[in-house]
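For reference, the structure is listed below as structure tokens.
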Ligand code: NAD
């Protein structure tokens, strides 16, 4: 199968590209390299350096003629979306619309859209949260990702294409940017290995669902070869981990004995978030295969190599 992956130079996208190539697909990447890195793009994939909002997008999609598009590229930082919601929407909403238009012109039949669980559902009444739970994004980022989901569904309805949205939990693993805001595993790991103290916001008992990036790539790999799977599916472990749990396990793996520092709680931070991935199991036969501790070990091993001078 010929597959175009947007955002394939980023954290999640580069693992998706590696996995699709391993499965024998022909893969091309579209990325503007704003947060992605050229060297992360697998040498077997052709890279088109292009912005989602660029007029050249149509041409890239038309010449690639993909059977499927995996749309990973996004403005993925909640804090930037709060500071500049127009920019966030220009990439996440208008960029997605531009891509869907290019799909329509090139008669692409399958789109797998990478969305967010936690930021989309917002504060939830039901934990683990299923896909039919009300959507209550509390940030412009959550709102733009949810809005793009709606455009993806409209594209499917209007063109007869088949679209599946994967709503990811908190992803962690090798290649995550420790300078990023949300990757607590990446931030703690790089600080612990550099001998720096880690700061926990508030009491550290806030929970998230942490899914290993290779398991996310596995979900995408299943999604592209299962065109009958449509709608939305959560991609998470169903297990809640606290920030304190993560610090404890990472400190042990890196041989650190000093406790983390605690700072003030972040105003408006969600207390608990965990996804119900039953639908992904039904549709794709997918469930998170990597135990949390094993994922952390792989992540620490990768950061040790990456940080070596
Ligand atoms: P990332 O920043 O590493 O990857 C985003 C990629 O998109 C980068 O390579 C970047 O250069 C590219 N990009 C950004 N704007 C672009 C534009 N205008 N045109 C073309 N390319 C552009 O972030 P990530 O963590 O890998 O996130 C990937 C996707 O997964 C996003 O859609 C995000 O919303 C979603 N997601 C991530 C997480 C997580 O925990 N990392 C959780 C839920 C959902």
* Asked: All but one of (1) assigned by TED's automatic domain parsing to the domain that holds residue 277; (2) in a helix (DSSP H, G or I); (3) over 17 Å from the mean Cα position of the chain (by Cα) hold for residue 228; which doesn't?
  -> (2)
* Residue that is nearest to the ligand (Cβ to nearest atom), among those in segment 1-20 that are closer than 19 Å to residue 61 by Cα and surrounded by fewer than 24 Cβ atoms within 10 Å (Cβ to Cβ) -> 2
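Please specify each residue of segment 32-70 satisfying the condition of being touching a residue at least 60 places away in the same chain (Cβ under 8 Å) and part of a loop (DSSP other than H, G, I, E, B). Give the derivation first.
Going through segment 32-70, the residues touching a residue at least 60 places away in the same chain (Cβ under 8 Å) turn out to be 35, 40, 64-70.
Matches in segment 32-70: 35, 65, 66, 67.
Among the candidates 115, 68, 81, which residue alone is modelled with pLDDT of 95 or more and more than 15 Å from the ligand (Cβ to nearest atom)?
Numbers: 115 fails: more than 15 Å from the ligand (Cβ to nearest atom); 81 fails: more than 15 Å from the ligand (Cβ to nearest atom).
Within the list 115, 68, 81, the selection yields 68.
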* Scan segment 123-142 for residues that are more than 17 Å from residue 277 (Cα to Cα) and part of a loop (DSSP other than H, G, I, E, B) and jot them down. => 123, 136, 137, 138, 139
* **Qualifying residue in segment 124-138 (condition: crowded, with 22+ Cβ neighbours inside 10 Å, under 19 Å from the mean Cα position of the chain (by Cα) and within 10 Å of the ligand (Cβ to nearest atom))** => no
* Only one of (1) over 21 Å from residue 277 (Cα atoms); (2) modelled with pLDDT of 95 or more; (3) within 15 Å of the ligand (Cβ to nearest atom) fails for residue 159. Which number is that? -> (3)
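Could you say whether any residue in segment 26-41 is more than 14 Å from the ligand (Cβ to nearest atom), buried (at least 23 other Cβ atoms within 10 Å of the Cβ) and modelled with pLDDT of 95 or more? Reasoning before the result, please.
At the first step, the residues of segment 26-41 found to be more than 14 Å from the ligand (Cβ to nearest atom) are 26-27.
In the following step, the residues that additionally are buried (at least 23 other Cβ atoms within 10 Å of the Cβ) were identified as 27.
The next check asks that each one be modelled with pLDDT of 95 or more; those that pass are 27.
Scanning segment 26-41 turns up at least one residue that is more than 14 Å from the ligand (Cβ to nearest atom), buried (at least 23 other Cβ atoms within 10 Å of the Cβ) and modelled with pLDDT of 95 or more.
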* Structure fact -> Within segment 172-189, residues being under 14 Å from residue 306 (Cβ atoms), within 11 Å of the ligand (Cβ to nearest atom) and assigned to a loop (DSSP other than H, G, I, E, B) number 6
* Only one of these conditions is not met by residue 26: (1) out of contact with any helix residue (DSSP H, G or I) (no Cβ under 7 Å at 6 or more places or on another chain); (2) over 20 Å from residue 227 (Cβ atoms). Which number is it? -> (2)
* Asked: Taking segment 46-65 on its own, how many of its residues are at negative phi, more than 13 Å from the ligand (Cβ to nearest atom) and in contact with a strand residue (DSSP E or B) (Cβ under 8 Å, 6 or more places away or on another chain)?
  -> 2
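The values are calculated or read from the model by the stated rules, or taken from the named source; none is laboratory data. What you see is a predicted model; the values in this text were computed from it and never measured. Here Cβ is always computed from backbone atoms with ideal geometry, including for glycine, and neighbour counts include all displayed protein chains.
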